[in-house]
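Only the coordinates and a few stated rules stand behind these numbers; no lab work does. In this text, all values refer to a predicted model and were calculated from it rather than measured experimentally. When we count neighbours, we look across all protein chains shown, and the Cβ atoms used for this are built from the backbone with ideal geometry, even at glycine.
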2 protein chains.
Amino acid sequence: MYGKRNPDETRRHLLEAAYEEIHRVGFQAASLGRILERTGVTKGALYHHFPNKKALGYAVVDEVIRAQLHAGWVVPLRSADDPVDGIIRVLSERAAEMGDHLVQLGCPLNNLAQEMAPVDEGFRRRIEALFHLWRGGIAEALRRGQREGRVREDRVAEDCALYIVSSIEGCVGAAKSAQDRRVLIACSGGLLDYLEGLRRGEGHG
Amino acid sequence: MYGKRNPDETRRHLLEAAYEEIHRVGFQAASLGRILERTGVTKGALYHHFPNKKALGYAVVDEVIRAQLHAGWVVPLRSADDPVDGIIRVLSERAAEMGDHLVQLGCPLNNLAQEMAPVDEGFRRRIEALFHLWRGGIAEALRRGQREGRVREDRVAEDCALYIVSSIEGCVGAAKSAQDRRVLIACSGGLLDYLEGLRRGEGHG
DNA sequence: TAACATTCATACTGGTCGGTATGTATGGAA
DNA sequence: TTCCATACATACCGACCAGTATGAATGTTA
């Protein structure tokens, strides 16, 4: 397009469009034709940058979703004073940032996980790497909180992180299934209960 | 097949095969050809019993999945003495019954919800009706527990049921994403924490 | 047994898809 | 200026898919 040539830009455009297409309809139902249509890129260009559809999907996970997760969760949690406060704040920030997309289409990472994990091991491993990153960021914050006396020490940080991430995906999934933002709010109440229960001095441990 | 004729049976076979196919690859990727192949039913028979693919999918939700949910969750919870004990017992029973299928392929209802809710309103409503049934069974048990003094009364039963179901789906989803049964166990630990916290006399309310 | 609706069976259609073959324009290096 | 890899563009292919047209059995009813 434009008669101009710019390989890096076209690759970026393809990745962004593929990300949105996959987020909208899933990987298997994603149409290369629609991606090309929306980007103005031609099939020749696409197959120059990616050997096949699967490689494009892999790149979306490895680059686009990974960058979002890193910037949206890992980095912010590093600079949080209190881990529980930090998780709650990041949670609401991410929910606000994604807006209606989160309720309508769900979490891009979890969508892919649920669709592709049983079907393609390459996807599964890449997706699991991102979940590992995510849980790692939360667990690190929780461990720091334990050292600083903010988080109860009778819990294993990694186990808590696993449950927190799963619970987030559960809540987002419920809201998506209902196509109703209020479900996200109501469901998050239970998660907040759990998070508050992780603070130090909450008894019954 | 068999030269014999039996409309009810062929319909049942079709529904069962469709259920399995959808559970395996999702509705959109489900192939009528594969369903016919595995049942031995022909295309003419299929389109005699169902007007189109979508109607077959709807019937799977309305009949197959609904029956499973009713028999597996609603009925058992009605005869539970303690709701928290009951939920925990049903949880493990269901997990045991589905075996590796649960970890490999995930929850049939939630799979469909995540795939189809944003795409087709007919699916969404039917799926949401089943979630309503499920949450209703749990909420009813919790309310009875509150009346009988077994469950703390500073919680709204419906909100708790929403979070419990979402949390279950989150845990199952995590295990499916990891394709690892141990993830299901570890993740359920957090849910058990939450459930135990619903019992009466647990402080910090 | 004759008429008729139900229950299937077979062959075919149009459309979409991922992928490929082939060609062309660009830009940098020698 | 020549050469050549890079970066595209266009046309086409075979596979699969949901859905349809048509007809043949089968069971039911009169």
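In the protein assembly as shown, taking the dipole from charged Cβ atoms about the Cα centre, the farthest positive-side position among B:Ser177, B:Ser167, A:Leu91 is held by B:Ser177.
Across identical copies of the chain, B:Gln104 has label-point separations of 3.7 nm, listed in ascending order, with the point defined 7 angstrom from Cα along Cα→Cβ. Semi-axis lengths, largest first, of the ellipsoid equivalent to chain A are 36, 17, 15 Å, with √(5λ) applied to each eigenvalue of the Cα gyration tensor. Sorted from shortest to longest, the distances between the A:Ser79 label points of this copy and the other copies are 5.9 nm, with each point 7 Å from Cα along the line through the beta carbon.
Each label point was placed 7 Å from the Cα along the Cα-to-Cβ direction; for A:Asp62 and B:Ala67 their separation is 4.6 nm.
Residues of A:114-121, mean number of Cβ from any other protein chain within 10 Å of their own Cβ, rounded to a whole number?
Working: counts 14, 8, 1, 9, 12, 5, 0, 1.
Mean shielding by partner chains, rounded to a whole number: 6.
When only the Cβ of Lys, Arg, Asp and Glu is charged (+1, +1, -1, -1), the dipole of the protein assembly as shown relative to its Cα centre reaches about 1020 debye. Rounded to whole numbers, the Karplus 3J(HN,Hα) couplings from phi for the stretch A:26-39 are x, 6, 5, 8, 4, 10, 4, x, 5, 4, 5, 4, 6, 9 Hz, using 6.51 cos²θ - 1.76 cosθ + 1.60 with θ = phi - 60°, and x at Gly and Pro.
Estimate the FRET efficiency between B:Ala96 and A:Lys4 by the formula 1/(1 + (r/R0)^6), using the beta-carbon distance for r and 56 Å for R0, to the nearest 0.05. Show your work: numbers first, answer last.
On the way: r = 61 Å, r/R0 = 1.09.
After rounding, the FRET efficiency stands at 0.35.
Annotation: amide H of A:Gly197 has no partner in the under-5 Å range at sequence separation 5 or more or interchain, hydrogens built in the peptide plane.
Taking chain A, the Cys residues with no second Cys beta-carbon under 4.7 angstrom are A:Cys107, A:Cys160.
In this structure the amide hydrogen of A:Val151, modeled in the peptide plane, comes within under 5 Å of the amide hydrogens of A:Gln146, A:Arg200, none closer than 5 places in sequence on its chain. Each Cα pair under 8 Å and six or more residues apart adds its sequence gap; the mean of these over the residue count of chain A is a relative contact order of 20 percent.
Inside 10 Å of the C-beta atoms of A:22-32, what's the mean count of C-beta atoms belonging to other chains? List each step's numbers first, then the result.
Numbers: counts 0, 1, 2, 4, 7, 1, 5, 5, 0, 0, 0.
The per-residue average across the peptide is 2.
Among A:58-71, A:174-187, what's the highest-first ranking by average C-beta atoms within 10 angstrom per residue?
On the way: A:58-71: 17.2, A:174-187: 19.9.
Going by the mean number of other Cβ atoms within 10 Å, highest first, we get A:174-187, A:58-71.
The 3J(HN,Hα) values that the Karplus relation (6.51, -1.76, 1.60; θ = phi - 60°) gives for the stretch A:48-58 are, in residue order, 6, 8, 9, x, 6, 4, 4, 4, 4, x, 4 Hz. Gly and Pro appear as x. For the stretch B:127-138, putting each phi into the Karplus relation 6.51 cos²θ - 1.76 cosθ + 1.60 with θ = phi - 60° gives couplings of 5, 4, 4, 6, 4, 4, 4, 4, 4, x, x, 5 Hz, in residue order, rounded to whole numbers and with x for Gly and Pro.
Once the C-beta distance of A:Val75 and B:Arg182 is scaled by a Förster radius of 22 Å, the resulting FRET efficiency is 0.15 to the nearest 0.05.
How big is the dipole moment of the stretch B:1-50 about its Cα centre under a simple scheme where the beta carbon of each Lys and Arg is +1, that of each Asp and Glu is -1, and everything else is neutral? Debye, nearest 20, please.
Working: 8 positive and 6 negative charges, 28 e Å.
In total the dipole reaches around 140 debye.
The residue of chain A whose Cβ sits closest to the rotation axis that maps A onto B, together with that distance in whole Å, is A:Gly170, 1.
To the nearest 20 debye, what charge dipole does chain B have about its Cα centre, counting +1 at the Cβ of each Lys and Arg and -1 at the Cβ of each Asp and Glu?
Values: 29 positive and 29 negative charges, 118 e Å.
With only Lys, Arg, Asp and Glu charged at Cβ, the dipole is about 560 debye.
Counting from the shortest, the label point at B:Glu153, 7 Å from Cα toward Cβ, is 3.9 nm from the same position in each remaining copy.
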